[in-house]
Amino acid sequence: MPEPAAILTCDLDAVAWNWRLLRDRHAPGATAAVVKADGYGLGAAAVARRLHREGCRHFFAAHLAEAAAIAPLLPNSMVCALNGLWEGDGGEYLAHGVLPTLGSLPEIAAWRDLARRRGAVLPALLHVDTGMSRLGLDANELATLAADPSLLAGIGLRFVMTHLASSERPRDRLNRAQLERFGRACARLPDAPRSLAASSGLFLGDAYRSDLARPGAALYGINPVPGRPNPMRNPVSLRARVVQMRDVAPGDTVGYNGIWRAARPSRIATVSVGYADGFSRRLSNAAVAHFDGRALPLVGRVSMDLTTFDATHLPDLKPGEWLDLIGPCQDADAVAAKAGTNAYEVLTTLGRRYRRDHPGA
Ligand SMILES: *Cc1c(COP(=O)(O)O)cnc(C)c1O
């Protein structure tokens with residue numbers, strides 16, 4: 001095997017620590033793990049397996065295929081796909097032991113019909129929309145369902161759930177409004193356990209407790225309380241090897257379109273990571289890397305496969321040394337701030353070319 005150009009490490013001990021912190025916060029309610037988008041880019045199978053070992057028994061993916069891929073690793077667990085029941089997929093859900101999240105009357109009808117044909121009660125989650133206007137029953141569908149509970153015949157309601165639109169902003173009035181709408185919706189439905197908070201919702205206060213919390217981001221170290229100290233541990237490190245060092249003269253430009261020009265004799269370190277690896281082009285002339293804790297400014301444009309850093313002040317930096325792109329000096333939230341996005345996008349777009357290491361597996 002050739003030496004990797006870059007290594008993405010997800011420390012599963014830190015992920016497990018994060019899950020236990022959230023679990024303890026939410027007890028006596030249960031705490032799930034959301035592992036959609038391949039575990040926020042870090043490896044769904046490795047994360048799910050480790051958290052199963054910690055005692056987690058509820059797992060969420062977005063797509064049926066994602067859920068089906070991890071279900072065999074997770075005995076005695078609820079494995080659920082969030083993005084609704086696609087017409088004709090019912091048999092696949094059953095075959096893989098994955099629960100659908102039913103979010104419309106046609107989806108409910110499809111699952112009910114399948115239950116009747118199989119002569120069984122089929123478990124599912126019911127998704128009520130309280131302010132996202134994305135998935136989930138709207139007010140009219142809820143009224144129809146409330147008026148005719150037989151529409152749920154043969155469906156074993158494991159949880160009624162909703163999703164908060166603004167929980168990382170504790171003062172947003174949408175939070176309280178959604179909480180109240182959810183309470184009213186549940187009161188009109190058959191009695192079933194409830195699932196409300198994702199990562200940030202777990203920090204909104206006691207009113208937002210439920211029978212099952214669904215954190216994703218915070219497991220992976222993303223700050224669930226932006227603007228306040230991050231209570232989570234950062235499990236993510238992205239390190240890239242310097243492939244070349246070169247000297248540039250005053251006036252020389254670096255990279256596409258020459259958007260950075262050396263003002264003095266400079267040393268440039270090039271690494272084999274670019275926007276094709278999810279290292280955003282919007283970090284051009286903006287981000288930093290670290291070597292031994294010392295910052296190197298990113299200079300010029302991020303290319304598809306390469307990125308350049310000003311290492312003039314680091315005479316000991318040589319080809320083959322490793323630069324930290326994400327890690328102890330700079331977490332995914334910090335990189336996101338420089339790229340003008342959120343840490344969710346930074347992590348979920350991390351590319352396929354990294355070697356992925358999972359200490360603590
Ligand atoms: C993504 C998602 C979550 C997890 O959200 P985080 O903010 O990452 O904790 C929970 N529930 C639903 C419905 C989601 O789509």
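The values are calculated or read from the model by the stated rules, or taken from the named source; none is laboratory data. Being a predicted model, the structure only gives us computed values, none of them experimental. Positions of Cβ are generated from backbone atoms using ideal geometry, with glycine treated the same way; all protein chains shown enter the neighbour counts.
Residue 164 fulfils the conditions (1) under 21 Å from residue 217 (Cα atoms); (2) away from the ligand (no atom under 11 Å from the Cβ) except for a single criterion, (2).
The rows are residues; the columns are (1) in contact with a helix residue (DSSP H, G or I) (Cβ under 8 Å, 6 or more places away or on another chain); (2) part of a loop (DSSP other than H, G, I, E, B).
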{"residue": "123", "(1), (2)": "no, no"}
{"residue": "126", "(1), (2)": "yes, no"}
{"residue": "159", "(1), (2)": "no, no"}
{"residue": "170", "(1), (2)": "yes, yes"}
{"residue": "175", "(1), (2)": "yes, no"}
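In the stretch 244-282, the qualifying residues are those that are acidic (Asp, Glu) and free of Cβ contacts under 8 Å to residues at least 24 places away in the same chain, and the one that is nearest to residue 323 (Cα to Cα) is 247. For the stretch 209-238, a tally of residues being part of a helix (DSSP H, G or I) and either away from the ligand (no atom under 15 Å from the Cβ) or without any contact (Cβ under 8 Å) to a residue 40 or more places away in the chain (or both) returns 0. Applying the condition of being more than 17 Å from residue 192 (Cα to Cα) and in contact with a His (Cβ under 7 Å, 6 or more places away or on another chain) to the stretch 125-147 and asking which residue is surrounded by the fewest Cβ atoms within 10 Å (Cβ to Cβ) yields 132. Would you confirm whether any residue within the stretch 72-80 is within 13 Å of the ligand (Cβ to nearest atom), modelled with pLDDT of 95 or more and either hydroxyl-bearing (Ser, Thr, Tyr) or within 16 Å of residue 214 (Cβ to Cβ) (or both)? The answer is yes; a qualifying residue exists.
Just so you know, in the stretch 58-82 the residues that are out of contact with any helix residue (DSSP H, G or I) (no Cβ under 8 Å at 6 or more places or on another chain) and crowded, with 17+ Cβ neighbours inside 10 Å include one that is nearest to residue 361 (Cα to Cα), and it is 58. The residue pairs whose first member lies in the stretch 149-161 and is under 16 Å from residue 110 (Cβ atoms), whose second member is away from the ligand (no atom under 16 Å from the Cβ) and small (Gly, Ala, Ser), and whose beta carbons are closer than 6 Å, counting only pairs six or more residues apart or on different chains, are 154/115; 157/192. Return a yes/no flag: does the stretch 261-271 have any residue that is at pLDDT 95 or above and touching a helix residue (DSSP H, G or I) at 6+ places or on another chain (Cβ under 9 Å). Checked against the condition, which is being at pLDDT 95 or above and touching a helix residue (DSSP H, G or I) at 6+ places or on another chain (Cβ under 9 Å), the stretch 261-271 yields no hits at all. Scanning the stretch 34-70 for residues that are within 12 Å of the ligand (Cβ to nearest atom) and of a type in the set (A, V, I, L, M) returns 34, 35, 37, 61, 62. List pairs: first residue in the stretch 306-321 and closer than 16 Å to residue 250 by Cα, second residue charged (D, E, K, R) anywhere in the structure, Cβ distance under 6 angstrom, at least six positions apart or on different chains. Short answer, once both residue conditions are applied: 311/267; 312/267.
Every residue, every condition in (1) closer than 26 Å to residue 66 by Cβ; (2) crowded, with 17+ Cβ neighbours inside 10 Å; (3) among the charged types (D, E, K, R); (4) modelled with pLDDT of 95 or more, yes or no:
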{"position": "98", "(1), (2), (3), (4)": "yes, yes, no, yes"}
{"position": "123", "(1), (2), (3), (4)": "yes, yes, no, yes"}
{"position": "149", "(1), (2), (3), (4)": "no, no, no, no"}
{"position": "164", "(1), (2), (3), (4)": "yes, yes, no, yes"}
{"position": "179", "(1), (2), (3), (4)": "no, yes, no, yes"}
{"position": "195", "(1), (2), (3), (4)": "yes, yes, no, yes"}
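Only one of 296, 317, 325, 283 is touching a Leu at 6+ places or on another chain (Cβ under 9 Å), crowded, with 16+ Cβ neighbours inside 10 Å and within 20 Å of residue 235 (Cα to Cα). Can you tell me which? Every option except 325 fails the conditions. For residue 9, indicate whether it is touching a strand residue (DSSP E or B) at 6+ places or on another chain (Cβ under 7 Å), of a type in the set (S, T, N, Q) and within 16 Å of the ligand (Cβ to nearest atom). No, not satisfied. No other residue among 205, 216, 221 is small (Gly, Ala, Ser), within 15 Å of residue 170 (Cβ to Cβ) and modelled with pLDDT of 95 or more apart from 205. What are the pairs with Cβ atoms under 8 angstrom where one residue, in the stretch 131-145, is over 14 Å from residue 186 (Cα atoms) and the other, located anywhere, is modelled with pLDDT of 95 or more and part of a strand (DSSP E or B)? Sequence gap at least six, or different chains. From the stretch 131-145, the pairs are 135/101; 135/127. Residue 293 falls short on exactly one of the conditions (1) touching a strand residue (DSSP E or B) at 6+ places or on another chain (Cβ under 7 Å); (2) closer than 15 Å to residue 326 by Cβ, and that condition is (1). Here the condition is being assigned to a helix (DSSP H, G or I) and either surrounded by fewer than 21 Cβ atoms within 10 Å (Cβ to Cβ) or hydrophobic (A, V, I, L, M, F, W, C) (or both); of 8, 21, 42, it holds for 21 alone.
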